[in-house]
Amino acid sequence: MSGPHDALLDRVRDRLATQAVEPTAEVIADAIRSESRGMLGDTDLLAALRFLQTELIGAGRLEHLLAEPDVADILVVGAERVWVDRGNGLQRTDIRFDDEAAVRRLASRLALSAGKRLDDAQPWVDGQLADLGRRGHAVRLHAVIPPVATDGTCISLRVLRTATRDFDELVALGAIPGETVEPLRAMLHARLAFLIVGGTGSGKTTLLGSLIGEMDAAERILCVEDALELDPPHPHIVRLVARTPNVEGAGEVPVRSLVRQALRMRPDRIVVGEVRGAEVIDLLTALNTGHEGCSGTVHANSTSEVPARMEALAALGGMARDALHSQLAAAVHVVLGVARTPGGSRGLTEIGLVSRDTDGFVHIRPVWMRAHGFTDEMSGFDALVRSRTHR
């Protein structure tokens, strides 16, 4: 709705912005009646109501995409380009915004919902929208506005669905190949520490959740995440979730602090949903102080990249390269690689064994690869499992 009613809609929008109430259809309709002083007919009133509902509630024109159960990402670039990923790569939609100002208003409203600011002084935002649209899923928000974003306001929404598939389901789907079932269960039974690596959207959290569900029901599992994604089928889970700073820059609770708190909560195992920064040091410390069988995920394209990736993360906390390799060799035993196949499915693609060379540096020896099966390194894996099972 535009034209002669633009001024009215701006007044209604400003009026609602000053009210500390939820902008329901009734509240919006009352505001329109008040600001129009009874000059709008039923048809114009309904049109104004529909327009403002789109502008003021939830994700606006992106709402119906968020309602789709298979949507993982929604990406907006300016007023004309809206892309969606339903698990098979990005596809362009036919959604259009009226103008750049409409996209910026949406970005600003979403930022405010995440407790953040987005303006000329702070031209980007990274936050989380709890239960956007009341569908039970958190949504991770990133937005950046011009002039930093030269092609117009950019909005990125990632739907964070909890990982609830259990181990047997993933086996039935082929995400966990049948030949790897026994080695994975042996790894868990022997309380080997492991990392799961893969790219964005490759299924790291899904696999991690299924493996947690296979851990001994008598064990106390402390899960630390920066966004609530893990919901494993295990009877003794304690979940800690990080918190970003509010609009005043206060109230931050980083993952690193939560890992330290988890150490004081009598854990049998500590799980870090994704190791992104200096918390890797605290995780490795936990692994080297008697907390066996811990695990986490790391963003890396293959198992062979893990040592370099861990070096980079440890450097953020001031840990030297030599120290990192010493800690890593002593703390982590197995690395599991996951990836998305060309057909769009996701699953386990590699199993690697952490090994330390004579020069003191760690590398990952391939035990199993989806394309080739088990390697000669499987004997080393079996020996490690036996040594820890019979202690």
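Within the range 97-117, does at least one residue satisfy the condition of being modelled with pLDDT of 95 or more, surrounded by 21 or more Cβ atoms within 10 Å (Cβ to Cβ) and part of a loop (DSSP other than H, G, I, E, B)? Checked against the condition, which is being modelled with pLDDT of 95 or more, surrounded by 21 or more Cβ atoms within 10 Å (Cβ to Cβ) and part of a loop (DSSP other than H, G, I, E, B), the range 97-117 yields no hits at all. Can you tell me which residue within the range 343-364, out of those that are among the charged types (D, E, K, R) and surrounded by fewer than 17 Cβ atoms within 10 Å (Cβ to Cβ), is nearest to residue 210 (Cα to Cα)? Selected residue: 356. Exactly one residue out of 56, 65 is surrounded by 13 or more Cβ atoms within 10 Å (Cβ to Cβ), at pLDDT below 75 and of a type outside the set (D, E, K, R): that is 56. Applying the criterion of at least 1 residues that are under 24 Å from the mean Cα position of the chain (by Cα) and closer than 21 Å to residue 201 by Cβ to the helices (runs of 4 or more DSSP H) found wholly in the range 283-391 leaves 306-316.
Within the range 249-282, the residues that satisfy the criterion of being of a type in the set (A, V, I, L, M), assigned to a helix (DSSP H, G or I) and under 28 Å from residue 340 (Cα atoms) are 255, 280. When residue 302 is tested against (1) under 24 Å from residue 232 (Cβ atoms); (2) surrounded by fewer than 20 Cβ atoms within 10 Å (Cβ to Cβ); (3) touching a Ser or Thr at 6+ places or on another chain (Cβ under 9 Å), exactly one condition is not met: (1). For the range 166-183, the set of residues classified as without any contact (Cβ under 8 Å) to a residue 60 or more places away in the chain and either of a type outside the set (Gly, Ala, Ser) or within 29 Å of residue 289 (Cα to Cα) (or both) consists of 167, 168, 169, 171, 181, 182, listed by residue number.
The values are calculated or read from the model by the stated rules, or taken from the named source; none is laboratory data. Here the structure is a predicted model, which means the values were calculated and not measured. A quick note on method: Cβ atoms are made from the backbone with ideal geometry, for glycine too, and the neighbour counts reach across all protein chains shown.
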